[in-house]
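Trainee: Dropping a structure here in structure tokens format, bear with me for questions.
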Amino acid sequence: MRYLQRLPHTLGITRSLFIYWRPGRQKGLRRLYQPFIVPGKPAFDIGAHLGDRSAAFHALGAQVVALEPQPELAKWFKRMVTTSKVTLLPLAAGPAAGVAEIAISAGNPTLSTLATEWREQIGKRNAGFSQVRWEQHLQVPVTTLDQLISDYGEPSFIKVDVEGFEAEVLAGLSCPVAALSVEFVAGALQVSHDCVSHLSRLGDYRYNAVSGEQRHFRWIKWQSPQAITQWLNAGADALPSGDLYACRADHPLLVATS
């Protein structure tokens, strides 16, 4: 009976291992992140899941700080990312330090979330989430990006993938970091609008996007806040999901391509 109860979790982990650790993926991730990672400087992996991004950051020379509040995923992270030079913290990130409830999907543990309203609505707005269930609930400690910067230094890059909680994570950031990414999902693009609005309050950013689990940018030229807002308003090219990248206007990547 215990085996049957754990079967959805086991299948979910197996599916995620295939997606995120399939052969050749690390090479593509290193190529994608190389312009953002400064060897010797911190890089934050918020919502580290099974550690594929943390592994790529480490391979590029970053001092990686990874946050993964789910104990089961943290165990798999340690199995896949074996170096002791990556700091894995059993924390979530949010707008303020404290404690919050994470809803865990046994069958899709990488889709677990702290975003209550997002979780209640996303299945109605995005068919890809219609069968996802969040059966487990866990109280987890929460820190902020500002606190991580205070503890570990200013990062060259921050990756945020927290299933609808991205804007709340950025709300805990009060300084314009060099570059970052936040996940976007069809049916919940207001989260992306809120992220862009917050970043615009912090500084002057330019934007690009990666579709799904691809490892190349959508546009050669990085987009202004106005252009990316129009793109989001138009439905983000009907992409089911992806990552929105933001570079501060003085980033070397933008200077080199201007």
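The values are calculated or read from the model by the stated rules, or taken from the named source; none is laboratory data. As the structure is a prediction and not an experimental result, all values here were calculated from the model. Neighbour counts are summed over all protein chains in view; Cβ atoms, including those assigned to glycine, are modelled from backbone coordinates with ideal geometry. What goes into the accessible areas is simple: the full protein's heavy atoms, side chains included, and nothing from ligands, DNA or RNA. Shrake-Rupley method; radii C 1.70, N 1.55, O 1.52, S 1.80 Å.
Trainee: Does at least one position in the stretch 60-71 carry a residue that is within 22 Å of residue 163 (Cα to Cα) and open to solvent by 30 Å² or more (accessible area, probe 1.4 Å)?
Mentor: Our first condition is that a residue be within 22 Å of residue 163 (Cα to Cα); within the stretch 60-71, this holds for 64-71.
Keeping just the survivors that are open to solvent by 30 Å² or more (accessible area, probe 1.4 Å) gives 71.
Yes, the stretch 60-71 contains at least one residue that is within 22 Å of residue 163 (Cα to Cα) and open to solvent by 30 Å² or more (accessible area, probe 1.4 Å).
Trainee: Which of the residues belonging to the stretch 68-80 are under 17 Å from the mean Cα position of the chain (by Cα) and within 21 Å of residue 25 (Cβ to Cβ)?
Mentor: 68, 73, 74, 77
Trainee: Quick one: how many residues across the stretch 30-59 are over 18 Å from the mean Cα position of the chain (by Cα) and either aliphatic (A, V, I, L, M) or surrounded by 22 or more Cβ atoms within 10 Å (Cβ to Cβ) (or both)?
Mentor: Start the filter on the stretch 30-59 by keeping residues that are over 18 Å from the mean Cα position of the chain (by Cα), which leaves 38-41, 59.
From what is left, the residues that are either aliphatic (A, V, I, L, M) or surrounded by 22 or more Cβ atoms within 10 Å (Cβ to Cβ) (or both) are 38, 59.
Selection size over the stretch 30-59: 2.
Trainee: For residues that are part of a strand (DSSP E or B) and surrounded by fewer than 18 Cβ atoms within 10 Å (Cβ to Cβ), tally how many sit in the stretch 101-119.
Mentor: Filtering the stretch 101-119 for residues part of a strand (DSSP E or B) gives 101-104, 113.
Cutting the leftovers down to surrounded by fewer than 18 Cβ atoms within 10 Å (Cβ to Cβ) gives us 101.
Residues in the stretch 101-119 being part of a strand (DSSP E or B) and surrounded by fewer than 18 Cβ atoms within 10 Å (Cβ to Cβ): 1 in total.
Trainee: Ok, one more. If we keep just the residues of the stretch 85-96 that are among the aliphatic types (A, V, I, L, M) and either touching a residue at least 40 places away in the same chain (Cβ under 8 Å) or in contact with a Pro (Cβ under 7 Å, 6 or more places away or on another chain) (or both), which is surrounded by the fewest Cβ atoms within 10 Å (Cβ to Cβ)?
Mentor: First pass over the stretch 85-96, keeping only residues among the aliphatic types (A, V, I, L, M): 86, 88-89, 91-93, 96.
Among the residues that remain, those that are also either touching a residue at least 40 places away in the same chain (Cβ under 8 Å) or in contact with a Pro (Cβ under 7 Å, 6 or more places away or on another chain) (or both) are: 88-89, 91-93, 96.
Working: 88: 18, 89: 19, 91: 20, 92: 26, 93: 31, 96: 13.
Taking the candidates together, the pick is 96.
Trainee: Additional query: Name the single residue, out of those in the stretch 228-251 being aliphatic (A, V, I, L, M) and closer than 16 Å to residue 200 by Cα, that is surrounded by the fewest Cβ atoms within 10 Å (Cβ to Cβ). Before the answer, list the steps.
Mentor: Our first condition is that a residue be aliphatic (A, V, I, L, M); within the stretch 228-251, this holds for 228, 232, 234, 236, 238-239, 244, 246, 249.
When the remaining residues are screened for being closer than 16 Å to residue 200 by Cα, the result is 228, 232, 244, 246, 249.
Values: 228: 24, 232: 20, 244: 27, 246: 27, 249: 14.
The selected residue is 249.
Trainee: Still on this model: What pairs come out if I take residues in the stretch 65-84 that are assigned to a strand (DSSP E or B) and pair them with residues that are among the β-branched types (Val, Ile, Thr) and open to solvent by 20 Å² or more (accessible area, probe 1.4 Å) whose C-beta lies under 6 Å away, six or more apart or interchain?
Mentor: 65/87
Trainee: Going by the conditions given, is residue 142 surrounded by 21 or more Cβ atoms within 10 Å (Cβ to Cβ), among the β-branched types (Val, Ile, Thr) and in contact (Cβ under 8 Å) with a residue 40 or more places away in the chain? Reasoning before the result, please.
Mentor: Values: surrounded by 21 or more Cβ atoms within 10 Å (Cβ to Cβ): yes; among the β-branched types (Val, Ile, Thr): yes; in contact (Cβ under 8 Å) with a residue 40 or more places away in the chain: yes.
Yes.
Trainee: Now, a different point. Counting just the residues of the stretch 204-227 that are basic (Lys, Arg) and open to solvent by less than 90 Å² (accessible area, probe 1.4 Å), which one comes out farthest from the chain's Cα centre (by Cα)? Outline the logic, then answer.
Mentor: Residues of the stretch 204-227 that are basic (Lys, Arg), as a first pass: 206, 215, 218, 221.
Narrowing further to those that are open to solvent by less than 90 Å² (accessible area, probe 1.4 Å): 206, 215.
Working: 206: 18, 215: 14 Å.
Among those residues, the one meeting the criterion is 206.
Trainee: Looking at the stretch 20-27, can you tell me whether even one residue there is open to solvent by 10 Å² or more (accessible area, probe 1.4 Å) and among the aromatic types (Phe, Trp, Tyr)?
Mentor: So the first thing to find is which residues in the stretch 20-27 are open to solvent by 10 Å² or more (accessible area, probe 1.4 Å), and the list is 20-24, 26-27.
Add one more test, that the residue is among the aromatic types (Phe, Trp, Tyr), and what stays is 20-21.
Yes, some residue in the stretch 20-27 is open to solvent by 10 Å² or more (accessible area, probe 1.4 Å) and among the aromatic types (Phe, Trp, Tyr).
Trainee: Can you name the residue in the stretch 168-203 that is small (Gly, Ala, Ser) and within 18 Å of residue 69 (Cβ to Cβ) and is also most open to solvent (accessible area, probe 1.4 Å) among such residues?
Mentor: Let us first name the residues in the stretch 168-203 that are small (Gly, Ala, Ser), namely 171-172, 174, 178-179, 181, 186-188, 192, 197, 200, 203.
Right, trim to within 18 Å of residue 69 (Cβ to Cβ) and you get 171-172.
On the way: 171: 53, 172: 4 Å².
The residue in question is 171.
Trainee: Here's another thing I want to ask about it. Return the pair list, or none, for Cβ contacts closer than 6 Å from residues in the stretch 149-161 that are within 10 Å of residue 65 (Cβ to Cβ) to residues that are of a type in the set (Gly, Ala, Ser) and not in a helix (DSSP H, G or I), at least 6 apart or on different chains.
Mentor: From the stretch 149-161, the pairs are 155/43.
Trainee: Under 7 Å by Cβ, and 6 or more places apart or on different chains, what pairs join a residue from the stretch 34-60 that is closer than 20 Å to residue 217 by Cβ with one that is of a type in the set (Asp, Glu)?
Mentor: So the pair list comes out as 53/45; 57/45.
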